Amino acid sequence: MQWKHVTRRLACGVPLACLLAAGLAPSAASAADPEAARGAEAARSAAADRGADLPYTEYEAEDGTYEGTLLEADEKRTFGHTNFGTESSGRKSVRLDSTGEFVSFTSTAAANSIVVRNSIPDAPQGGGIDATLSLYADGEFVQKLELSSRHSWLYGNSDDPESLTNTPQADARRLFDESHALLERSYPAGTEFKLQRDAGDDAEFYVVDLVDLEEVAPPAEKPAECTSITEFGAVPDDQGDDTDALQAAVTADQNAEIDCVWVPAGQWRQERKILTDDPQDRGEFNQVGISDVTIRGAGMWHSQFFTLTEPHFADGINHPHEGNFGFDIDDNVQISDLAIFGSGRIRGGAEGGVGLNGRFGKNTKISNVWIEHANVGVWVGRDHSNIPELWGPGDGLEFTGMRVRNTYADGINFTNGTSNSTVADSSFRNTGDDSLAVWASRYVKDPATDIGSDNTFTHNTIQLPWRANGIAVYGGHGNTIENNLISDTMNYPGIMLATDHDPLPFSGETLIAGNGLYRTGGAFWGEAQEFGAITIFPAGQDITGVTIRDTDIEDSTYDGIQFKNGGGAAPGVTISDVTISQSNNGAGILAQGGARGSATLTDVTISGSADGDVVIEPGSQFQITGGPAGVTPLR
């Protein structure tokens, strides 16, 4: 069983599969050439430092032993037409149709928990079904895993995500969801785990994509300074609504009546957004968030909020886009070691809700929070017009150890002037829009100064966005995308810089460095627009100050780096120490026919490109200097 590019970053070194794919594995030749060996070792060290330091190990179904049907993507990884292979990690998965079929693999570390990324059929009229799949360890039955398709299977045209529906149609996407379970005991490294379809596992089919195994620590003890939500009336695991108790505890902390809020281990039901009551009652579009609050849990596997009501059916929704679960944050809030599980099933309005939203202000730190089945995981920022006297854009925010999965739109979006903020060591999987984004929007107090700037996305692992980008930056300056692993985007780039969405202008430097992009890019907008793994898209304004360096781009669906047509230009791009291999249906580097600007290539290696290494289409005003093979016009 080999680790893939998207597995955790190991202290002992980089996973062998990643080294082999990048051509960095040790060899006899490098041993004979000390200088080459030192170069290879440096490359291995750089590759090992990419991605999040994840607490779990990931296993791909197709890399194990299986009895079932291997599903693979087509050559162009066509999306949106019920394509299981396209939506699979590594573009492969295994389908179990008959009793006795299975997927098995041998663990490389101790584990007492499991996450299975899977797909089972929708209900005939939509809305999903529940089913079980049997888990074995070393041949002994462990338990039935509970799977569901209630949050997957969206139908319609992805070009208009707000119109996607749960009502079955010919074209479906977002086919996969995840099931997770804490096991009753820990299993040592070397255990053979098997997912098997037994007689009682009665879904029409099961598609197994990947499995995460993790050794979860016991629940943390309550800190002496904190007060438990049970003292305000919350009762764990009883399906009763704990919202009033949670809100009372948070309000008490905000009013300095207690020092911090403790969320013990348990399942806690929440049916309204936690915020601050506004005595002026300024309306549903003008929330007041919480401030000066600390909320701590016993661990994301142990302290878990959930909702039983889909947001668009819930009373007390405080904002159409923000739903009936999670927390609205205004300033100086710390939240750690808990999970927020929404109940959304479609995108648009409040249909999915938002896990964490608000102005965020200063000194806010969010760590080790698991968010799933939300419209957006975290939306940072409010328009200045939403209660102008409370204007306070995010500044110096820190997000670490986040686990954002199976959303209907963004993972984490920094907007409305967010600056000096970081997302690090976090994982994102199956987001329905940009997994990470900086949007330097104009809805700020002073467009001259309140600009999305100096934000950093570093050491994150991003997998399988089912719509839009792995990471995107729309305007601003000083923003950095560094040492991330991004894989298997459905239809958009792994990384995109763009000026659509009418942002404030780019200025200064935008740095893209040290990233690994695998199987990214795709076709969208009527499947007529093809996007590269890294795409620069000056839709209306110029994109200036771009640096791309120390990056590996492998197995792209279309181009490796693409300069796209638009109303603006991308002058002065510098690209150095970049390796681009196997651009399957495109060029290594492409400047489209209407593209304008310039790029300088230094120490760029390109191989295996279907349409040529460096291509400038006829009619382009883009200038490229340097490069491994000069400029080859496409005629």
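With the requirement that a residue be open to solvent by less than 40 Å² (accessible area, probe 1.4 Å) and assigned to a strand (DSSP E or B), what does the range 278-293 give you? Residues satisfying the conditions are I290, S291, V293. Of all the residues in the range 179-192, those that are open to solvent by 20 Å² or more (accessible area, probe 1.4 Å) and either within 24 Å of Q463 (Cα to Cα) or not in a strand (DSSP E or B) (or both) number 5.
In the set R282, R272, R296, which member is in contact (Cβ under 8 Å) with a residue 24 or more places away in the chain and in contact with a Cys (Cβ under 8 Å, 6 or more places away or on another chain)? Explain how you work it out, then say what you get.
Values: R282 fails: in contact with a Cys (Cβ under 8 Å, 6 or more places away or on another chain); R272 fails: in contact with a Cys (Cβ under 8 Å, 6 or more places away or on another chain).
So the residue among R282, R272, R296 that is in contact (Cβ under 8 Å) with a residue 24 or more places away in the chain and in contact with a Cys (Cβ under 8 Å, 6 or more places away or on another chain) is R296.
Evaluate the range 495-517: report whether one residue or more is under 15 Å from the mean Cα position of the chain (by Cα), under 17 Å from N585 (Cα atoms) and either of a type in the set (G, A, S) or crowded, with 24+ Cβ neighbours inside 10 Å (or both). Within the range 495-517, one or more residues are under 15 Å from the mean Cα position of the chain (by Cα), under 17 Å from N585 (Cα atoms) and either of a type in the set (G, A, S) or crowded, with 24+ Cβ neighbours inside 10 Å (or both). Restricting the first member to the range 52-71 and to residues that are within 21 Å of D97 (Cα to Cα), and the second to residues that are open to solvent by 20 Å² or more (accessible area, probe 1.4 Å) and among the small types (G, A, S), the beta-carbon pairs closer than 8 Å and six or more apart or on different chains are E67/G100. Looking across the range 209-258 at every residue that is among the β-branched types (V, I, T) and over 30 Å from E184 (Cβ atoms), the one that is farthest from the chain's Cα centre (by Cα) is identified as I258. Of all residues in the range 554-577, those that are aromatic (F, W, Y) have Cβ atoms under 7 Å from Cβ atoms of residues that are open to solvent by 40 Å² or more (accessible area, probe 1.4 Å), 6 or more apart or on another chain, in Y558/E530. Checking every residue in the range 28-48 against the condition of being modelled with pLDDT of 95 or more, among the small types (G, A, S) and within 25 Å of the chain's Cα centre (by Cα) gives zero matches.
Kindly check whether there is at least one residue in the range 203-212 that is exposed (fewer than 14 other Cβ atoms within 10 Å of the Cβ) and under 30 Å from L71 (Cα atoms). Quick ask: steps written out before the conclusion?
First pass over the range 203-212, keeping only residues exposed (fewer than 14 other Cβ atoms within 10 Å of the Cβ): 204.
When the remaining residues are screened for being under 30 Å from L71 (Cα atoms), the result is 204.
The answer is yes, given that some residue of the range 203-212 is exposed (fewer than 14 other Cβ atoms within 10 Å of the Cβ) and under 30 Å from L71 (Cα atoms).
Looking at the range 548-635, the strands (runs of 3 or more DSSP E) lying wholly inside it that each contain 3 or more residues that are surrounded by fewer than 24 Cβ atoms within 10 Å (Cβ to Cβ) sit at 570-581, 596-607, 621-626. Tell me, yes or no, whether the range 154-168 has at least one residue that is part of a loop (DSSP other than H, G, I, E, B), of a type in the set (F, W, Y) and over 17 Å from Q304 (Cβ atoms). Looking through the range 154-168, none of the residues is part of a loop (DSSP other than H, G, I, E, B), of a type in the set (F, W, Y) and over 17 Å from Q304 (Cβ atoms). Of all the criteria given as (1) at pLDDT 95 or above; (2) farther than 22 Å from G361 by Cα; (3) open to solvent by 10 Å² or more (accessible area, probe 1.4 Å), the one not satisfied by R296 is (2). Looking only at the range 222-277, how many residues end up being in a helix (DSSP H, G or I), in contact with a strand residue (DSSP E or B) (Cβ under 7 Å, 6 or more places away or on another chain) and either exposed (fewer than 15 other Cβ atoms within 10 Å of the Cβ) or modelled with pLDDT under 95 (or both)? Qualifying residue count, the range 222-277: 0. Being open to solvent by less than 30 Å² (accessible area, probe 1.4 Å) and assigned to a loop (DSSP other than H, G, I, E, B) holds for only one residue in L147, L175, L195, and it is L175.
Criterion first (open to solvent by less than 30 Å² (accessible area, probe 1.4 Å) and farther than 21 Å from R403 by Cα) does S303 satisfy it? Before the answer, list the steps.
Numbers: open to solvent by less than 30 Å² (accessible area, probe 1.4 Å): yes; farther than 21 Å from R403 by Cα: no.
It is false that S303 is open to solvent by less than 30 Å² (accessible area, probe 1.4 Å) and farther than 21 Å from R403 by Cα.
Take the residues in the range 486-520 that are polar (S, T, N, Q) and in a loop (DSSP other than H, G, I, E, B); name whichever of them is nearest to G608 (Cα to Cα). Before you say what the answer is, go through the steps one by one.
From the range 486-520, those polar (S, T, N, Q) are 487, 489, 491, 499, 507, 510, 515, 520; that's our starting set.
In the following step, the residues that additionally are in a loop (DSSP other than H, G, I, E, B) were identified as 489, 491, 499, 507, 515, 520.
Working: T489: 20, N491: 21, T499: 31, S507: 34, N515: 20, T520: 16 Å.
Ranking the qualifying residues of the range 486-520, first place goes to T520.
Scanning the range 440-481 for residues that are open to solvent by 20 Å² or more (accessible area, probe 1.4 Å), closer than 16 Å to I543 by Cα and touching a His at 6+ places or on another chain (Cβ under 6 Å) yields nothing. For the residues E162, E140, the requirement of being of a type in the set (D, E), closer than 30 Å to G190 by Cα, out of contact with any Ser or Thr (no Cβ under 6 Å at 6 or more places or on another chain) and open to solvent by 10 Å² or more (accessible area, probe 1.4 Å) singles out E140.
A search for C-beta distances below 7 Å between a residue of the range 443-460 that is farther than 30 Å from D49 by Cβ and any residue that is β-branched (V, I, T), counting only pairs 6+ apart in sequence or on different chains, returns D450/V444. Has the range 518-533 got any residue that is of a type in the set (A, V, I, L, M), touching a residue at least 40 places away in the same chain (Cβ under 8 Å), on the phi < 0 side of the Ramachandran plot and in contact with a Leu (Cβ under 8 Å, 6 or more places away or on another chain)? The answer is yes; a qualifying residue exists.
Counting only strands (runs of 3 or more DSSP E) wholly contained in the range 317-413, the ones carrying 3 or more residues that are at pLDDT 95 or above and open to solvent by 20 Å² or more (accessible area, probe 1.4 Å) occupy 327-341, 365-372.
The values are calculated or read from the model by the stated rules, or taken from the named source; none is laboratory data. Note that the coordinates shown come from a computational prediction; the quantities given were computed from them, not determined experimentally. Positions of Cβ are backbone-derived with ideal geometry, glycine not excepted, and every protein chain shown enters the neighbour counts. Just so you know, the surface numbers come from the protein's heavy atoms only, side chains and all, with ligands and any DNA or RNA stripped out. Shrake-Rupley method; radii C 1.70, N 1.55, O 1.52, S 1.80 Å.
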